[in-house]
Amino acid sequence: MTYANLIAGAFVHGSDAVANVNPSDISDIIGQYDRASAAQVDDAIAAARAAAPAWARTTPQVRADMLDKIGSEILARRAELADLLAREEGKTLPEAAGEVGRAGQIFKFFAQETLRQQGERVASVRPGVEVEITREPMGVIGLITPWNFPIAIPAWKIAPALAYGNCVVMKPAELVPGSAWALADIIHRAGAPAGVFNLVMGRGSVVGEALVNDPRVDAISFTGSVPTGRGILEKAARRAAKVQLEMGGKNPLVVLADADIEVAVRCALDGSFFATGQRCTASSRLIVEQPVADRFVAALAEALKKQVVDDARKPGSTIGPVVDQSQLDQDMRYIDIGTQEGARLVVGGERLNRDKSGYYLSPALFADTRNDMRINREEIFGPVAAVIAVKNYDEALATANDTGFGLCSGIVTTSLKHAAHFRRNSESGMVMVNLPTAGVDYHVPFGGRKGSSYGPREQGRYAAEFYTQVKTAYVLAG
Ligand code: ADP
């Protein structure tokens with residue numbers, strides 16, 4: 001079957017299509033997905049522009065009902081959508097079900113948020129004048145999403161965009177158009193008026209670029225790699241468009257000598273390796289106090305040997321495949337780089353053969369690494385983590401902060417003093433205490449500092465910063 005783009009309320013075929021391949025079994029083709037042409041992107045933007053004034057005037061109830069309906073359908077079809085997600089991206093089924101559930105809850109949350117939009121009435125410094133501050137929609141939002149969360153990231157951008165009265169043109173990642181298409185279909189059937197939500201699948205260099213450069217697109221929200229994000233920022237700056245970027249991470253997990261080692265291993269296993277390490281919040285630097293470093297490494301290595309790396313949809317698999325050949329090549333390249341840099345590969349890092357031909361890699365743990373090694377500076381985005389042993393807490397904190405990124409950080413400790421100090425002094429947008437760096441709630445702000453993020457936060461009510469603009473009105477009341 002060939003899945004078409006959603007433009008101006010109708011599914012429209014493109015000039016060519018690309019196969020959506022299952023990374024657990026590359027002989028399994030999920031479907032053909034159309035690529036939008038530049039002219040079709042133009043049509044989608046025009047449709048969104050045309051729909052924007054009426055959509056902005058809808059009552060919050062109309063938008064709440066629609067978002068709630070979308071959330072309900074996602075939750076009702078959770079198992080089926082999780083199967084599609086696991087099949088196209090390679091997360092295990094339980095991980096995929098978690099992501100789909102999150103997507104549904106996000107729509108439900110923003111359905112309610114439509115009813116909580118508030119303004120301010122302020123006393124004027126001038127006699128008889130009333131000042132009112134309100135938020136209005138931005139207009140047309142361009143959304144560009146990555147492959148690692150095929151339904152949750154589209155959901156956390158689409159839901160606030162629509163809730164606050166904007167129209168949307170979304171370009172999903174080429175590797176995972178299936179979940180995005182399913183979501184577009186749900187939104188369409190939930191009664192989104194023509195042009196309010198448009199899906200344009202295809203290449204970043206064609207579809208993404210067209211969205212970024214079009215003056216009719218008022219704001220761009222992007223999640224993806226650092227180079228692409230920087231490029232988008234430069235192009236958007238040229239036309240002074242509002243931009244929100246979520247990019248990479250090189251997130252530290254600090255393990256202090258007083259930590260419960262079982263908790264530390266659980267946090268590292270989940271944060272570094274689950275979802276195949278393909279999360280921007282993954283902890284890739286495990287910064288461990290020397291007295292417990294050997295014990296921690298041995299316990300984590302044992303836990304890694306017990307992992308079942310196999311077909312994402314096979315019961316019992318704990319780690320699915322890498323998403324595609326080029327990501328697998330990148331992971332293997334960094335494993336070579338680490339070894340050449342003098343890091344000790346404790347376990348994993350091997351290409352695995354399974355019943356079906358897929359991109360299987362055993363989770364790799366490096367020890368005896370330094371924070372200035374490339375494997376600790378550059379984002380790998382795979383099931384690879386490196387242990388950096390440090391003398392004390394002060395060195396742990398300094399090492400954690402010595403990075404160009406600042407998305408998420410974590411500490412495992414039983415010391416209230418160190419936990420509190422780390423929470424205050426960690427240079428990251430999100431801090432976890434005795435929890436994995438990856439895995440966040442859906443109703444609170446998500447985002448980072450330094451090279452990880454740019455612009456206002458995503459999710460929760462903080463999302464209003466990006467998806468609305470402020471108006472200050474002065475009225476002479478007489
Ligand atoms: P990833 O490694 O996650 O694929 P990318 O930054 O390459 O990271 O991709 C994230 C999203 O950005 C994808 O939807 C991709 O198609 C899109 N993209 C890639 N290049 C561009 C570009 N030049 N302009 C706009 N979007 C792009």
Surface accessible to a 1.4 Å probe, Ser15 within the full protein complex, Å²: 110
Under 12 Å from the Arg461 label point (7 Å along Cα→beta-carbon), backbone N, region 100-116: 113-116
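In the structure displayed, which of Lys69/Lys314; Lys235/Lys471; Lys157/Lys356 lie more than 29 Å apart, Cα to Cα? Could you put the intermediate results ahead of the total?
Values: Lys69/Lys314 31 Å; Lys235/Lys471 26 Å; Lys157/Lys356 35 Å.
Over 29 Å Cα-Cα: Lys69/Lys314; Lys157/Lys356.
Just check region 160-265 against the gyration tensor rule for me: Cα atoms, a ≥ b ≥ c as the square roots of the eigenvalues, rounded for a/c under 1.5, and otherwise prolate or oblate depending on whether a/b exceeds b/c.
Numbers: a/c = 2.39, a/b = 1.61, b/c = 1.49.
Because a/c hits 1.5 or more and a/b exceeds b/c, region 160-265 counts as prolate.
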Which of Asp16, Asp441 is most accessible, then next, and so on - probe 1.4 Å: Asp441, Asp16
Gain on full stretching of the segment that runs from Arg189 to Arg77 - 0.36 nm per residue minus C-alpha separation: 38.9 nm
³J(HN,Hα), Karplus 6.51/-1.76/1.60, whole Hz, each residue of region 107-115, x for Gly, Pro: 5, 5, 4, 6, 4, 6, 4, 4, 8
Estimated inter-spin distance, Val62 and Ser326, nm [label 7 Å along Cα→Cβ]: 4.1
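Counting only DSSP beta bridges with both residues in the chain, tell me the antiparallel percent, nearest 5. Kindly include the intermediate steps, with their values, before the conclusion.
Values: 34 of 74 bridges.
Antiparallel bridges: around 45 percent, rounded to the nearest 5.
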Net dipole in debye of the chain [+1 Lys, Arg Cβ; -1 Asp, Glu Cβ; about Cα centre; nearest 20]: 1060
Separation in nanometres of the label points that stand 7 Å from Cα toward Cβ, at Asn434 and Arg230: 4.0
Relative contact order for the chain, counting Cα pairs under 8 Å that sit 6 or more residues apart, in percent: 18
Positive minus negative residues near Val217 (Lys, Arg vs Asp, Glu; Cβ under 15 Å): +3
Tensor-based shape of the chain (alpha-carbon gyration tensor, a/c under 1.5 rounded, otherwise prolate or oblate): oblate
Å² per residue, accessible surface of region 252-433 at 1.4 Å: 40
Trypsin sites (Lys or Arg not before Pro) within region 199-300, DSSP loop, no more than 16 other Cβ atoms inside 10 Å: Arg203, Arg216, Arg239
Sum of side-chain charges, Ile319 neighbourhood, beta-carbon under 10 Å (Lys, Arg +1; Asp, Glu -1): -1
Cβ-derived FRET efficiency at R0 25 Å, Asp294 paired with Glu427, nearest 0.05: 0.30
Integer Hz, Karplus 6.51/-1.76/1.60 couplings in order for region 240-254, x for Gly and Pro: 6, 8, 6, 9, 10, 10, 10, 10, x, x, 9, 6, x, 10, 8
222 nm mean residue ellipticity, helices alone, for the chain (DSSP H n ≥ 4; -39,500 (n - 2.57); rounded to 500): -11500 deg cm²/dmol
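Within region 382-445, which trypsin sites (Lys or Arg not before Pro) sit in a loop by DSSP and count at most 15 neighbouring Cβ atoms inside 10 Å?
Working: sites: Lys391, Lys417, Arg423, Arg424; in loops: Lys391.
Qualifying residues, ordered by number: Lys391.
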Charge-dipole axis of the chain as Lys and Arg at +1 and Asp and Glu at -1 on Cβ define it, positive-most pick from Pro53, Ala264, Val323: Pro53
Accessible area of region 39-163 divided out per residue, in Å², using a probe of 1.4 angstrom: 39
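Using 0.36 nm per residue, how much length does the chain from Asp372 to Arg239 gain when fully extended, once their Cα-Cα distance is taken away? It would help to have the intermediate numbers written out before the result.
Working: separation 133, 0.36 × 133 = 47.88 nm, distance 3.75 nm.
Length gained between Asp372 and Arg239: 44.1 nm.
Could you give the length gained by full extension between His443 and Tyr474, i.e. 0.36 nm per residue of separation minus their alpha carbon distance, to one decimal place? Let's see the in-between values first.
Numbers: separation 31, 0.36 × 31 = 11.16 nm, distance 3.35 nm.
So the chain would gain 7.8 nm between His443 and Tyr474.
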Rounded Å value of the spacing that divides the Cα centres of region 427-466 and region 22-99: 23
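Return the carbon/sulfur percentage of the accessible area of the chain, one whole number, probe 1.4 Å, all protein chains in place.
Working: 9640 of 18580 Å².
Whole-percent figure for carbon plus sulfur exposure: 52.
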Tensor-based shape of region 252-433 (alpha-carbon gyration tensor, a/c under 1.5 rounded, otherwise prolate or oblate): prolate
Region 351-426 and region 198-243: distance between their alpha carbon centers, rounded to Å: 31
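The values are calculated or read from the model by the stated rules, or taken from the named source; none is laboratory data. Values in this document were obtained by computation on a predicted structure and should not be read as measured data. Note that we place each Cβ from the backbone using ideal geometry, even for glycine, and neighbour counts take in every protein chain shown. Only protein heavy atoms, including side chains, enter the accessible area calculation; ligands, DNA and RNA are left aside. Shrake-Rupley method; radii C 1.70, N 1.55, O 1.52, S 1.80 Å.
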